[in-house]
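Following: one structure in structure tokens, then a few remarks.
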Amino acid sequence: MFLFLITDASSGLDLGINGLPYPLPIHPNLVHFTVGLFVLAIFFDVFGFLYPLERPIMKLIHIKPDRAAFFDLGWWNLLAVAIVTFFTVAAGFFEMLLADPPPSVLSPWGLPAFETMYLHGVGGVFSLMIIVLLTIWRGFQRYQWRRKETVQVEWRYVVVSLIAIVFITVQAEMGAQLAGTFGIHNTAARLIRQQITEAELASAPKKTRTVSEAIAYSTPNLPQPKFYRQGQTLYFGIDDVMDLPQDTDWETLLSRLNQKKWSADQFKLSITEENKAIITLDDQPLLITTQLSLANNWLYRLQKALV
């Protein structure tokens, strides 16, 4: 309900170059509170739980901390993260609705952008549930089950909490991949991925979109990436499209491809009477080969790059 209220209230706002109605993404900033406070909370409880083992080290460096203070810090940090994470997850889902995941880029784990975003979203809900349940468990230990005991947490809680840190670490890595690898709501990363210079960005026409338009029609809010050559390989942004023969007329090919923003259906394949396969762009010859299977592969890769 909270997410729907945010979306409805902001549906008329214009989106910026980062695809959001505000300059800086909210979710990544709140995530640092969620992760940082949660790790601190668990570590303070672990320090308190293992206090007897730490005492010789503390004597050596002349520190005499109060064991109860560790548990106090653990509890209040955990309570704070349980509250903050509701806003973290809500902001994450709102910004996910406005995301424009690139279709042809893979993460270091070999996952496409959409699958990574989906897993990150589902994992975010599970992270919230884990944190809330741990907070309830921790509260019962503090105020009911172990309120008269020196050690405020039991070993089962410590083990489960450490496992939760591992899970949230995986979550954080997927979030970093969304921002860094895929450039979602990360203007700098996306400009690098699409090989767009600052001057080109400044001079590019910018189409104003509202939040409601972005949710209904997911379209890129950045200039179109360029086709370019490295060796005999054709690239689109940072994505390699295909390898081409040595006799390819690269100057003409790149000039045609970068002439304007094309759609995938403007690339077509035809066979001549001389049994040559011709890929046409906007009904004009672009690539010619005598190998039909090679032409089919070229056509598929060109169309895929623009989808």
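The values are calculated or read from the model by the stated rules, or taken from the named source; none is laboratory data. Just so it is clear, the model here is predicted, and its values are computed rather than measured. Counting neighbours? That spans all protein chains shown, and the Cβs are built from the backbone with ideal geometry, glycine included.
Note on segment 143-163: residues that are surrounded by fewer than 18 Cβ atoms within 10 Å (Cβ to Cβ) and part of a helix (DSSP H, G or I) amount to 10. Scanning segment 94-132 for residues that are buried (at least 18 other Cβ atoms within 10 Å of the Cβ) and aromatic (F, W, Y) gives a single hit, F94.
From the list E198, E115, E95, pick out the single residue that is among the acidic types (D, E), over 30 Å from F49 (Cα atoms) and modelled with pLDDT under 80. Show your work before the answer.
Details: E115 fails: modelled with pLDDT under 80; E95 fails: modelled with pLDDT under 80.
Result of the check over E198, E115, E95: E198.
Of all residues in segment 71-87, at least one satisfies being surrounded by 15 or more Cβ atoms within 10 Å (Cβ to Cβ), farther than 19 Å from N29 by Cα, of a type outside the set (D, E, K, R) and in contact with a Gly (Cβ under 7 Å, 6 or more places away or on another chain).
Select from segment 77-132 the residues that are of a type in the set (S, T, N, Q) and touching a Pro at 6+ places or on another chain (Cβ under 9 Å) and list them in ascending order.
Step one: filter segment 77-132 for residues of a type in the set (S, T, N, Q), giving 77, 85, 88, 104, 107, 116, 127.
Within segment 77-132, S104, T116 meet the criteria.
Each row is one residue, and each column tells you yes or no for (1) free of Cβ contacts under 8 Å to residues at least 40 places away in the same chain; (2) under 28 Å from P101 (Cα atoms).
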{"residue": "T248", "(1), (2)": "yes, no"}
{"residue": "E251", "(1), (2)": "yes, no"}
{"residue": "K260", "(1), (2)": "yes, yes"}
{"residue": "W298", "(1), (2)": "no, yes"}
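Consider segment 126-168 and keep the residues that are without any contact (Cβ under 8 Å) to a residue 24 or more places away in the chain and closer than 30 Å to D100 by Cα. The one that is farthest from the chain's Cα centre (by Cα) is M129. Checked against (1) surrounded by fewer than 15 Cβ atoms within 10 Å (Cβ to Cβ); (2) in the same structural domain as N77 (by TED's automatic domain parsing); (3) at pLDDT below 80, S212 passes all but condition (2).
Each residue in segment 282-307 was checked for being out of contact with any Ser or Thr (no Cβ under 8 Å at 6 or more places or on another chain) and under 14 Å from F227 (Cα atoms), and 3 of them qualify.
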